[in-house]
1. Would region B:14-24 turn up any residue that is assigned to a helix (DSSP H, G or I) and closer than 22 Å to A:H86 by Cα?
2. Does region A:57-71 hold any residues that are surrounded by 12 or more Cβ atoms within 10 Å (Cβ to Cβ) and not in a loop (DSSP other than H, G, I, E, B), and which are they?
3. For region A:18-44: of the residues being facing chain B (nearest Cβ under 9 Å) and more than 22 Å from the chain's Cα centre (by Cα), which is surrounded by the fewest Cβ atoms within 10 Å (Cβ to Cβ)?
4. Is it the case that region A:95-102 has a residue that's among the β-branched types (V, I, T) and not in a strand (DSSP E or B)?
5. Determine if region A:121-137 includes at least one residue that is more than 8 Å from every other protein chain (Cβ to nearest Cβ), in contact with a Pro (Cβ under 9 Å, 6 or more places away or on another chain), among the β-branched types (V, I, T) and surrounded by 20 or more Cβ atoms within 10 Å (Cβ to Cβ).
6. Can you pull out the residues in region A:45-73 that are without any contact (Cβ under 8 Å) to a residue 60 or more places away in the chain, closer than 18 Å to A:Q128 by Cβ and more than 14 Å from the chain's Cα centre (by Cα)?
7. Looking only at region A:96-107, decide whether some residue is facing chain B (nearest Cβ under 7 Å) and of a type in the set (K, R).
8. Quick one: count up the residues across region A:74-95 that are within 14 Å of chain B (Cβ to nearest Cβ), without any contact (Cβ under 8 Å) to a residue 60 or more places away in the chain and buried (at least 20 other Cβ atoms within 10 Å of the Cβ).
Amino acid sequence: MPPSLSAWMAKSIPENDFSGDIPWTPLKRPVSETVFALMTSAGISMKTDSPFDMERERREPLWGDPTYRKIPKTAVETEIDVNHLHVNTDYVKQDMNVILPLKRFIEFEADGTVGALAPTAYSYYGYQMDPRVLLNETMPRVAADMRAEGVEAVLLTPT
Amino acid sequence: MGLVARFLEENGLSTVVLTMVPEFNREIGIPRIAAIEYPFGRVVGEVNDDAGQRDVLRAALSILETAETPGEVVHLPFTWHEAPAETKWHPPEISPVIKLYLAEIKKAGAEARK
């Protein structure tokens, strides 16, 4: 990160450790028996879906698209679209596993590292200055989708 | 991303966040963090480095079994193969919000260099 940007961001991060309650769901069984879903904030969508909205953010710099997209676990690079105005998206277009490691988890499923990878992965857009719509409208749908596929644990990967 | 992890934990799902900015934990309280000094846009590893990606992911997953305290940050022992100054992660155009706050960012940088 450029030093100036890092210094600016540091201004909004407190110096002390977080002191409030942190929600906690312990793993119910070993990783090797657990059903996983992957979720990333990388702005990935299937080409068959509508892309994340970059034009509105260009007009309204403090707005970020609060919706989500489902990504089937079998998706490959030629089937996805990536939109993000805050990072370079070239790498994920070459190898989506750098941020949404579906192939690695399919390998983990086969070699028993994890119990299973759920059929669906999830992507949202990792720039939410006001996260209310994301948390109050989008994520309840994602959680319901996950429950319907028996998901027990989630690996989250930011942009 | 931390707020999303908190939401999922409240809804009965265990989470681990693999991130290059664990500092956000101090702001919002993230349940489990695997911290890694990898660039934005490639948090799992380098393009086509399947073995390296697997190592990072296995280390992140192990935290689900070992973390005992909410808010635990585990720093993963991986080093990116390029020096920070040589690592490209920037978007091709300056993002809209950075454009909006550019003067403030430059000022914070100048103050930090004093």
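Every read-out reported here was derived from the displayed coordinates using simple, explicitly stated rules and does not represent laboratory data. It should be emphasised that the depicted structure is a prediction, and the values quoted were computed from it without experimental measurement. Here Cβ is always computed from backbone atoms with ideal geometry, including for glycine, and neighbour counts include all displayed protein chains.
1. Checked region B:14-24: at least one residue is assigned to a helix (DSSP H, G or I) and closer than 22 Å to A:H86 by Cα.
2. Matches in region A:57-71: A:E57, A:R58, A:R69, A:K70, A:I71.
3. By that ranking, first place goes to A:G20.
4. yes
5. no
6. Selection gives A:P51, A:D53, A:M54, A:E55, A:R56, A:R58, A:R59, A:E60, A:P61.
7. Yes, region A:96-107 contains at least one residue that is facing chain B (nearest Cβ under 7 Å) and of a type in the set (K, R).
8. 6
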